[in-house]
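Read the figures in this text as sums done on the coordinates, not as results from a lab. It should be emphasised that the depicted structure is a prediction, and the values quoted were computed from it without experimental measurement. Using ideal geometry, Cβ is built from the backbone for each residue, glycine included, and neighbour counts are taken over all protein chains shown.
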Amino acid sequence: MRNLIAFLQRFRIFLVFAVLQFLALLWYTTFLSFPRNQYLTTNNNIAIQLLEWEHDLTKHFNLSKNNTDLQWENIYWRKRQPKFMYQLSRGKVKISDTLYEQQYTYIPAEVINSSINRRNNYFTLNVGTAQGIKRGMGVFCQQGVVGIIHYASEHYSLVKTVLTKDINIDVSIRMKKTDLPGLLKWDGRDPRYGMITGINNDLRIKKWSTVETRGGSGIFPKGLPVGKVSFTEPIEGQALWKVEIRFAADYRRLQRVYVIKNLHLAEQTALEARIPEED
Amino acid sequence: MNVVYKHTIRFVIFAFLQALVFNQLNIGFGIHLMIQPLFIMLLPFELAVIPMMGIAFLMGLVIDIVSNTYGLNTSSLVLMAYLRPILFKFYGPREGYDPLKEPTSQDMGANWFTVVYGILLGLHTFWFFLLEIFELGRIGFIFQKTIFSGVLSFLLALLIQSFILNSKQKK
């Protein structure tokens, strides 16, 4: 016993160091995959208040550019509205359409805190469970995909962006005749470029062909823009392409985003739960 | 000014400058400016290691919570606080440190500060990026980030120190 106490006395500095390191690393490793406690994220009251003040100071920095983008988006949709079109064939009866049903609904949100130069980048949004946000919903902006909701508190939520280590969004490269499915990754180097893995090199990929979401997992609708292929190279020893893409969205000055709510997601997961598991 | 008050005020200023200003700057080339190691460096000589590690843990906690880094800053600051007394002992004068002096480049000389703070900041930054990236195949990228961020953070630390000293001399 005396030996043990002597040992503890002798190494107490190192022991305290080891305990503190263990706590910090435990926090780091568990929170990257599943955050449990909102007080250890930016979603707590004090941190969010600080970030709101900071956001009030900096939100007008890109105002002119963002307004121009929104105006262009308005023009895009306005051009597609029937009441602003010239009617070519007159005298036809308009029938209210029952062929289509709304599958996705969108919740507008504002990014109040963001980072782009770390290995794992998270954005804080000013919407939460009060607005119907849940963990696992998709987030996109006008130009392209942003990420997936990682944690939602009552009035705020945390987005795991595509600029993180293990996000794996289902995407496909769209070419003239084929769709090549793959997974979107990020290598941590440049927030303008991402990577796609799992693309077989039996087909040639044209530079600047578009990359879109595939819509298989029900998080994102089919056909949301992700980026354009900027560089391809065969991986040595594997029948795969190394594909680098340029993101359509500029995450460095992102401000307004939309959260996607899939109205059919419960139905899809209930159906997919019926697939018998092989053991 | 009382030492405790002085360092409490510094704690608040350094933590929030880091979390709200320097963590929001996106310079490119993998540069990440860090001023929180300077706070640990400027703590008084006679402070024992265990309270210092506690302070480092708290500081890291505050920065991690505000910037969603989940323990990265905490881990690297605790490591730095653990290593500080070892390096101070190694590079210290034979008769021990003068308790009236502070571990700044003005009090202890630019050479001493460059060596000690350079090593501490380098280790802190390397540990930070090693944990953050955590891929052995990308060791070159880790070194690139460490060197770029380390050199710029060191220059920033010199700048901040000159501000602190100037305000003292005017009084």
| remark: Between the Cα axis of helix A:45-58 and the main Cα principal axis of chain A, the angle (0 to 90°, nearest 10) is 50 degrees
| For chain A: relative contact order, % (alpha-carbon pairs under 8 angstrom, 6 or more apart) | 16 percent
| query | Using Cα atoms only, what is the angle between the long axis of helix B:110-133 and the major principal axis of chain B, expressed in degrees (0 to 90) to the nearest 10? | reply | 30 degrees
| request: Could you list, in their original order, any pairs among A:LYS206/B:LYS145; A:LYS185/A:LYS206; A:LYS242/B:LYS145 whose Cα atoms are separated by more than 22 Å? | output: A:LYS206/B:LYS145; A:LYS242/B:LYS145
| message | Strictly greater than 21 Å: what percent of every Cα pair in the range B:3-170 meets that? | response | 46 percent
| For chain A, what is the charge dipole size about the Cα centre, in debye to the nearest 20, if Lys and Arg each add +1 at the Cβ and Asp and Glu each add -1 at the Cβ? | 780 debye
| field | In degrees, nearest ten, helix A:12-33 long axis to first principal axis of chain A (Cα) | value | 10 degrees
| query | To the nearest Å, what is the center-to-center distance of the range A:38-70 and the range B:28-42, using C-alpha atoms only? | reply | 23 Å
| field | Using θ = phi - 60° and Karplus 6.51 cos²θ - 1.76 cosθ + 1.60, couplings along the range A:194-202 (whole Hz; Gly, Pro as x) | value | x, 10, 10, 10, x, 10, 5, 9, 7
| task | Please list, in chain and number order, the residues 5+ apart from A:PHE231 or on another chain whose amide H is under 5 Å from its amide H, with Hs placed from the backbone. | result | A:GLU244
| remark: Sorted largest first, the Cα spans of chain A on the principal axes come out in Å as 101, 52, 44
| query | Alpha carbon centre of the range A:224-270 versus the range B:144-159: separation in Å? | reply | 34 Å
| Restricting the range A:140-188 to trypsin sites (Lys or Arg not before Pro) in coil, as DSSP defines it, with at most 14 other Cβ within 10 Å | A:LYS176, A:LYS177
